[in-house]
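Notes to accompany the following structure.
The values are calculated or read from the model by the stated rules, or taken from the named source; none is laboratory data. Treat the numbers as computed from the prediction; the structure is a model and nothing was measured. Heads up, the Cβs are rebuilt from the backbone with ideal geometry, glycines too, and the neighbour counts pull from every protein chain shown.
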Amino acid sequence: MTLADTEYPSCPKHEACMISLSLEVPAVIVPYGTVELFRCANLSCPVFYVRGVSEGFYTATPSGTLMNGVR
Ligand SMILES: [Zn+2]
C-alpha cells in the first residue's frame, strides 16, 4: 500500500496520524532510497512508514531494523 505524496500516513493499528522524523539522525535503520520517514504518534508503537524506493509500512525491531509490513 502506498500513499500520494501529499497524504500523511496514519498508523494502521491506532488510526492515528504519523509524525515526520528527521533522516539526518534516523531513529532506525532505514531502507536504501528512503526520502521521508514517519512513525506512529504513539511512541510505544513500532510502526513506521517509509516514503521512497521501498515505500510502505514497516515494523521496527528492538535493534532498530525495519521489517516490511505491520505485525
Ligand atoms: Zn501505532
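Any residue in region 51-59 that is among the hydrophobic types (A, V, I, L, M, F, W, C) and part of a loop (DSSP other than H, G, I, E, B)?
Yes, region 51-59 contains at least one residue that is among the hydrophobic types (A, V, I, L, M, F, W, C) and part of a loop (DSSP other than H, G, I, E, B).
Beta carbons closer than 9 Å, at least 6 apart along the sequence or on distinct chains, pair a first residue in region 39-67 that is more than 14 Å from Leu21 (Cβ to Cβ) and in contact (Cβ under 8 Å) with a residue 24 or more places away in the chain with a second that is β-branched (Val, Ile, Thr) and surrounded by 15 or more Cβ atoms within 10 Å (Cβ to Cβ) for Glu55/Thr34; Gly56/Val50; Phe57/Val47; Phe57/Val50; Phe57/Val70; Thr65/Val28. If you go through region 6-23, how many residues are at pLDDT below 90, of a type outside the set (Ser, Thr, Tyr) and away from the ligand (no atom under 16 Å from the Cβ)? Final tally of qualifying residues: 1. Count of region 11-48 residues, restricted to those that are under 16 Å from Asn68 (Cα atoms) and not aromatic (Phe, Trp, Tyr), is 16. Considering each residue of region 24-49, count those that are away from the ligand (no atom under 15 Å from the Cβ), surrounded by 15 or more Cβ atoms within 10 Å (Cβ to Cβ) and assigned to a strand (DSSP E or B), and give that number. Residues flagged as away from the ligand (no atom under 15 Å from the Cβ), surrounded by 15 or more Cβ atoms within 10 Å (Cβ to Cβ) and assigned to a strand (DSSP E or B) within region 24-49 amount to 2.
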